[in-house]
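> Just passing along the structure, written as structure tokens.
What follows is calculated from the coordinates using simple rules that are stated; it is not laboratory data. Nothing here was measured: the structure is a model prediction, and the numbers come from that model. Here the Cβ is made from the backbone with ideal geometry for all residues, glycine too, and neighbour counts use every protein chain on show.
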Amino acid sequence: MNTGRKLTLALAAVAAMGMAAGSALADKMYGPGVTDTSIKIGNTNPYSGPAAAYGAIGKSISAYFDKINKENGGVNGRKIEFISLDDGYSPPKTKEQVRKLVEQDKVLLIFQSLGTPTNSAIHAYMNQKKVPQLFVATGATKWGDPEHFPWTMGWQPSYQTEGKLFGSYILENVKDPKIAILYQNDDYGKDYVTGLKEFLGDKADKMIVAEESYEVTDPTINSQMIKLKDSGANVFFNVSTPKFAAQAIKKFRELNWDALFLNNSVSNSVGAVYKPAGLDNSKGIISLQYYQDITDPSIFDTEPYKKWKAFMAEYYPDGDLSSSFTAYGYLVAQTLEQVLKQAGDNLTRENVMKEAANLDLDLDMMLPGVKIKTSPTDFFPIEAMMPIRFDGEKFVSLGKVVSVN
Amino acid sequence: MAVDVETITDSKLTAGAKIPVKWVAFFIVIGAILPFVVGGYTAFQGTLIMIYAIAILGLNLLTGFNGQFSLGHSAFYAIGAYTAAILVYHLNFPVYVTIPIGGIICFVAGFLFGLPALRLEGLYLALATFALAVAVPQILKSSHLEELTGGVQGLDIFRPDVPAFLVDNFGLTMDQWWYLITFVIMLLLFWAAWNLINSRSGRAMMAIRDNPIAAKSMGINTALYKSLTFGVSAFYTGIAGAIAAIVIEFVAPDSFTFQLSILLFIGLVIGGTGSIWGAIFGGFFILTVPNFAEEISTGLSYAIFGVILILVIYVMPSGFAGLVNMLRVRLRKIFRTTS
């Protein structure tokens, strides 16, 4: 009797599995914009107006989708139809264009819409309409709020995340840290400081010995720098935009301040900051980065760089090989590709969002150890960065990634 | 023969023109039906067109009827928008109330700006207003006002739901509701502009445009009229800005750059300076043509827009309103000769 019962059970189990498999095969669930052969993806980018330089991101994303359409026949047999519209970095235009994409072109999702004010203009709309607003191109912290805005997700490390990562770097590398902070008195500056304090937790009050802010309209930050130095800090955390960062570096050397100089990624630019401040003065400054510096000759012989260069040569020949935007577009497009791969034949908006919140991805142009990782409660895909030191000419990787976990 | 001058005088100049009732009724019927036959996105675009039309009409009162140039109307548009946003965001005002308040604040701002502008003529006035347009986005971003304006990040406005009885009885959507609100406001403002132009004040405004010295010697208080016209013009544009802020549900300094002033100016010229209803066509042009240009080529959209603009100006040198008037006269001639 026992065997008989086992047999029935086994049969039932097999039948159930067969049914499950059968239903999985037939279970093609499509949201708007998806057919058996295509997926429509919408995007806005400033191709005109004062922020038009960012347009390179949209173009490189488009080029990447051309590549996978041609070489792999798209994703899971569906070609990607990438509709990228110009919003000129103007929020009302963004709203109009995004409504066109969602209501008229009926795209499955909006991907990499660029800019903080522009994305703010559509934030409520996207969540009301329940259309994914995936991997927006802005560093604000508000894009990672799955509880209130479950249809919106950022991509790059937010300012707050970066603040946390600096905290992690300090704890790991500095003995008995005494931190002095210079920050711009706005959302951007405060986000960094909040992140750092959050990471340090109870220790924040003891470790942070001085904080000075400045206004964007201030002519110089010299007096702030003098006060910060007088605090006796051994770590200087600079959260300022390029013009002020260059001033801070100069003053830092003038004062002969013997401290570790940490610089936020907003001002991590050789051309805009380190050169004007003096390359010698800028030696030893530490900042954080998450993807390969494509101007660094030491990676020219690596496989990922060659692959990227070949992609650029074939699909985006006008693209600037020394602009970080083109590498950025290449990477973020691969992230979406992965989401669509994971979603398989269940291409509803709900499932796309579910898979976007279920990523664990390594991309070869990322710095080693920087992963793209999300979960239903974690809408910040990139939360690890590589500390790099400026050696007077170029950036040198310090080998070990810092992460918030 | 001197008596003839009296008799051939255009009656419009003394008694004021009559509203062409048939055409206006036709327009109102079409406009009211439109949101129910098109989709939500198109209704939204229609709303934007009407918002631009109101702003362009405001500019037209100043430039077309009073002869004062302004490249600064994006500033008034921004003031109207921010008034609405701040009242709703910080003080929880009902959105509907903020529209007239936005207009009134702009009237005051426009009137005050009009006073120093009295000393400036033509190109110099254009430069002064240009400075205003460039300054306003920066002022909105400045850290001193950040608490109020939200700085670079801007402010969100949430629209209340469509009144329940309209949803229950007519199934009205948010897009249709705001289309209709904007439509009614636009009709009211156009009607008011029509009455203003065909009044004593309107004739004074035009007299100042055509010959300021003669106007002055006839006893028109040019300073007062010019400042008032500036105020009324800003009032119209401010109302447009307030509605725009509510319909877009968001304001940020980047929404009100100098480019907006240029767009309004283009709309004014294309619609026809000195024509009231031409403003609607102007709004239609500045909303749809850039989109159309983009469809042809993303990279060269502004170049294509420029080409279209030049062609349009070439074909209708006095704007769309001028073209229609010309066609009407020609058709009438043909009709007369054949009959």
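> Based on alpha-carbon centroids, what's the gap between the range B:194-208 and the range B:253-325 in Å, whole number please?
Taking the Cα centre of each part, the range B:194-208 and the range B:253-325 sit 26 Å apart.
> Which distance in Å, rounded to a whole number, links the C-alpha centroids of the range A:256-315 and the range B:48-85?
Centre-to-centre (Cα) distance: 46 Å.
> Can you say what percent of the DSSP beta bridges in the range A:262-405, counting only those with both residues inside, are antiparallel? Round to 5.
Bridges in the range A:262-405 are about 95 percent antiparallel.
> Next question. Sort B:59, A:336 so the one with the fewest other Cβ atoms within 10 Å of its own Cβ comes first.
With the fewest neighbours first, B:59, A:336 line up as A:336, B:59.
> How shielded is A:120-128 by partner chains, expressed as the average number of their Cβ atoms within 10 Å of its Cβ atoms?
For peptide A:120-128, the averaged partner shielding equals 4.
> For residue A:84, what is the net charge nearby, where nearby means another residue's Cβ is under 11 Å from its Cβ and Lys, Arg count +1, Asp, Glu -1?
Around residue A:84, the charge tally is -3.
> Most exposed first by the Cβ proxy, i.e. fewest other Cβ within 10 Å, how do B:144, B:73 rank?
Least to most surrounded, the residues fall as B:144, B:73.
> Computed over the Cα atoms of the protein assembly as shown, what is the convex hull's projected area averaged over all directions, in nm²?
Across all orientations, the protein assembly as shown yields a mean hull projection of 46.0 nm².
> Between residue B:104 and residue B:314, what is the label-point separation in nm under the 7 Å Cα-to-beta-carbon projection?
For residue B:314 paired with residue B:104, the spin-label model returns 5.0 nm.
> How well do other chains shield peptide A:100-111, expressed as the mean number of their Cβ atoms within 10 Å of each residue Cβ?
Neighbouring Cβ atoms belonging to other protein chains average 2 per residue here.
> Indicate the gyration tensor shape class of the range B:271-334 (rounded, prolate or oblate), computed on the Cα atoms with a ≥ b ≥ c the square roots of the eigenvalues: a/c under 1.5 is rounded; otherwise a/b larger than b/c is prolate and the rest oblate.
prolate
> All other residues with a Cβ under 15 Å from the Cβ of residue B:316 taken together, and with Lys, Arg as +1 and Asp, Glu as -1, what is their net charge?
Taking every Cβ under 15 Å from that of residue B:316, the sum is +2.
> Cut-off 10 angstrom, C-alpha nodes, Gaussian network model of chain A. Which of A:298, A:267, A:375 fluctuates the most?
A:298
> May I ask for the angle, rounded to the nearest 10°, between helix B:258-271 and the longest principal axis of chain B, with both axes built from Cα atoms and the value confined to 0 to 90°?
40
> OK, next. As a footprinting exposure proxy, order B:119, A:78 by other Cβ within 10 Å, with the fewest listed first.
With the fewest neighbours first, B:119, A:78 line up as B:119, A:78.
> Find the relative contact order for the range A:83-171 and round it to a whole percent, using C-alpha pairs within less than 8 Å whose residues are 6+ positions apart.
After rounding, I find 22 percent.
> Along Cα→Cβ, 7 Å out, is where each label goes; now give me the distance between the ones at residue A:203 and residue B:119 in nm to one decimal.
Placing both labels 7 Å beyond Cα along the Cβ direction yields 6.3 nm.
> Taking springs between alpha-carbon atoms closer than 10 angstrom, which of A:364, A:36, A:87 fluctuates most in the Gaussian network model of chain A?
A:36
> Using alpha-carbon pairs under 8 Å, 6+ residues apart, how would you state the relative contact order of chain B in percent?
Normalised by residue count, the contact order of chain B is 31 percent.
> Quick one: what does P(r) look like for the range B:20-257 with 10 Å bins over all Cα pairs, in whole %?
It works out to 8, 30, 32, 21, 8, 1, 0, in whole percents.
> Which residue fluctuates most in the GNM of chain B (Cα springs below 10 Å): B:168, B:210, B:156?
Checking each option, the largest mean-square fluctuation is seen for B:168.
> For residue A:53 and residue B:192, what does the FRET efficiency come to when R0 = 51 Å and r is the distance between their Cβ atoms, rounded to the nearest 0.05?
Calculated transfer efficiency: 0.70.
> The range A:71-106 to the range A:335-369: how many Å between their Cα centroids?
The range A:71-106 and the range A:335-369 have Cα centres spaced 18 Å from each other.
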